[in-house]
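The values are calculated or read from the model by the stated rules, or taken from the named source; none is laboratory data. These figures come from a predicted structure and were not determined experimentally. Cβ atoms come from the backbone with ideal geometry, glycine included; neighbour counts cover every protein chain shown. Ligands, DNA and RNA are stripped out before the accessible areas are found, and what is left, the full protein with its side chains, is counted by its heavy atoms. Shrake-Rupley method; radii C 1.70, N 1.55, O 1.52, S 1.80 Å.
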Amino acid sequence: MDKGPPEALLRWYRKNSRNLPWRQTRDPYAIWVSEVMLQQTRVETVIPYFQRWMLHFPTVASLARATRTEVLRLWEGLGYYRRAVNLHRASAKIVVDYGGELPDSARELIKLPGIGRYTAAAIAAIAFGGDALALDGNLRRVLSRMFDARFDLSTAEGERRILRRASPLLPHGKASEFNQALMDLGATICKSRRPLCPRCAVQAWCQAFARGVQEKRPIRRALPPLPGRVVTAASLRRGGQVLIGRRPEGKLLGGLWEFPGGKREGRESLEACLRRELKEELDIEAGVGRKLGVYEHAYSHFRVRVHAFECHLIEGKPKALDHTEIRWVQVKRLGRFPMGKVDRAIARTLQESEKAMSKLSSSRSKRRTRGTKIAA
Ligand code: SF4
């Protein structure tokens, strides 16, 4: 391949680069945060989270000083919460081991929690200009098309093969611009479906385009459908309070708060499942009442359908057998506790129903007052 594609690509990028908040800075910390947030997440979703994060935690040191609850509350809604936990853990390590400054080489970066090959290469290239290709989804797609790669790029071997072919294109000292140019080309022109080839800066060198197979690249493994789970959750009440538990670190949604409950086993009824789960998790006997709602969500490896019920305590004092801690919380205060998508949706249902009840009772008491005046 001649020197044409890098030059054409960089020329295109200088005119067409996307205006993204993490591009207004060369601060390695901001670039690291953006790269972690962008994993498995769309740019439009990330922008407000990134801006809020940088306002709250403008430096590595400020992140290291934050509590885990503050970190997770700010991350809430972005998903893949382990990313936030790892950012937090890595910030403490950077303060202790690197004097608060991110190391500048991929070799050192990869030693930090949550930084894998891709993120290390992206930070080294974008923040420090190190000669590396950061193979994110956009780069994989563009490069697999430019080289008409007929192998699966999602394997380690596929990744090595595409890097071997593409690395000679990387212009020395321009890795920051070059990676971002490929990212933008992938996001705006070389799209997954219906790439805009007539507008593409590297069309003249694109082998998949020349063969008319661009929409068949990259080669993808057929993924099996996600398995489904049926789960129950309890709104266990004590006056105006509801019981929530904090999930242990290291588990899915570790560190987040949830309503107690769990997975249905065999053919048990939803109510029997919930009674069993409350016994196992909290060591209590509980009655299961009205259904609050059904909530669905897809995680990376499975889907859940969560049936939430109102419950009441019959016997026992709840103990944190499965949680790091449990707490009785005023329904209106549930917003202070970081939660995953499903539990947040249940919390909203509870808050809305509490608001509706208090509106109803205030309008009843107004009616009663009016009635009294007329009678007087
Ligand atoms: Fe992608 Fe088409 Fe450009 Fe090839 S010519 S890189 S397929 S947009």
(request) Determine the shape class of segment 1-56: with a ≥ b ≥ c the square roots of the Cα gyration tensor eigenvalues, call it rounded for a/c under 1.5, and otherwise prolate if a/b is greater than b/c, oblate otherwise. (result) prolate
(message) At R0 = 45 Å, how high is the FRET efficiency between VAL294 and HIS172 if r is their beta carbon distance? Nearest 0.05 is fine.
(response) 0.20
(request) Go through segment 281-295 residue by residue and turn each phi into a ³J(HN,Hα) via Karplus (6.51, -1.76, 1.60, θ = phi - 60°); whole Hz please, and just put x for glycine and proline. (result) 7, 10, 6, 10, 9, 10, x, 9, x, 4, 7, 8, x, 10, 10
(message) Which residue, GLY262, MET54, ALA356, has the largest displacement toward the positive end of the dipole of the chain when charges sit on each Cβ (Lys, Arg +1; Asp, Glu -1)?
(response) ALA356
(request) Could you state the accessible area per residue of segment 228-363 in Å², with a 1.4 Å probe and every protein chain left in place? (result) 52 Å²
(message) Can you bin every Cα-Cα distance in the chain into 10 Å intervals starting at zero and give me the percent of pairs per bin, rounded to whole numbers?
(response) 5, 19, 23, 20, 16, 10, 4, 1, 1, 0
(message) Which of rounded, prolate or oblate describes segment 228-363 when judged by the alpha-carbon gyration tensor and an a/c cut-off of 1.5?
(response) rounded
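Please calculate how many Å² of accessible area segment 25-119 carries per residue, with a 1.4 Å probe and no DNA, RNA or ligand atoms counted.
Value for segment 25-119: 48 Å² per residue.
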(message) If amide hydrogens are placed 1.01 Å from N in the peptide plane, which non-local residues have theirs closer than 5 Å to the one on MET339?
(response) TRP257
(request) Quick one: grab the alpha carbon gyration tensor of segment 110-158, order the square roots of its eigenvalues as a ≥ b ≥ c, and give me rounded if a/c is under 1.5, else prolate or oblate depending on whether a/b is larger than b/c. (result) oblate
(message) Nearest 500 deg cm²/dmol is fine: what mean residue ellipticity at 222 nm does the chain get from its DSSP H runs of n ≥ 4 alone, each adding -39,500 (n - 2.57), divided by its residue count?
(response) -14500 deg cm²/dmol
(request) Sticking with the crude label model, points 7 Å out along Cα→Cβ, report the distance from ARG336 to ARG23 in nm, one decimal please. (result) 4.1 nm
(message) Among the listed pairs LYS263/LYS341; LYS15/LYS174; LYS332/LYS355; LYS263/LYS291; LYS93/LYS174; LYS251/LYS341, which have their C-alpha atoms separated by more than 19 angstrom in this model?
(response) LYS93/LYS174
(request) List every residue whose amide H lies under 5 Å from the amide H of ASP148, counting only residues 5 or more places away in sequence or on a different chain, with H placed 1.01 Å from N in the peptide plane. (result) GLN207, ALA208
(message) I want to check the label-to-label distance for ARG276 and PHE151. Put each point 7 Å from Cα in the C-beta direction and report it in nm to one decimal.
(response) 4.8 nm
(request) Net charge near GLN39: determine it from the other residues with C-beta under 14 Å of the C-beta of GLN39, scoring Lys and Arg +1 and Asp and Glu -1. (result) +3
(request) Apply 1/(1 + (r/R0)^6) to the Cβ-Cβ distance of LEU196 and GLN51, taking R0 = 35 Å, and write down the FRET efficiency to the nearest 0.05. (result) 0.75
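Quick one: compute the contact order of segment 228-363, relative version, from alpha carbon pairs under 8 angstrom and 6+ residues apart, as a percent.
It comes to 31 percent, rounded to a whole number.
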(request) Go through GLN330, LEU182, GLY340 and say which Cα lies farthest out towards the positive end of the charge dipole of the chain; charges sit on Cβ, +1 for Lys and Arg, -1 for Asp and Glu. (result) GLN330
(message) If I stretch the segment between GLU7 and SER62 completely, what's the gain in nm (0.36 nm per residue apart, minus their alpha carbon distance), one decimal?
(response) 15.8 nm
(request) Give, in nm to one decimal, the length gained when the segment between SER269 and ARG348 is fully stretched (0.36 nm per residue of separation minus the Cα-Cα distance). (result) 25.9 nm
(message) Restricting to Cα pairs below 8 Å that are 6+ residues apart, what does the relative contact order work out to for segment 239-279? Please round to a whole percent.
(response) 28 percent
(message) Output wanted: per-residue J couplings in Hz (rounded whole) for segment 303-308, from phi through Karplus 6.51 cos²θ - 1.76 cosθ + 1.60, θ = phi - 60°, x for Gly and Pro.
(response) 10, 10, 10, 9, 9, 9
(message) Under a Cβ-only charge scheme (Lys and Arg +1, Asp and Glu -1), can you give me the dipole magnitude of the chain about the Cα centre, in debye to the nearest 20?
(response) 1500 debye
(message) Using only the heavy atoms of the protein chains and a 1.4 Å probe, how would VAL33, VAL96 rank by accessible area, largest first?
(response) VAL96, VAL33
(request) May I ask which residue of GLN241, CYS206, ILE126 lies farthest towards the positive end of the charge dipole of the chain, with charges of +1 (Lys, Arg) and -1 (Asp, Glu) on Cβ and the Cα centre as origin? (result) GLN241
(request) Could you grab the relative contact order for the chain? Cα pairs under 8 Å, six or more apart, rounded to a whole percent. (result) 14 percent
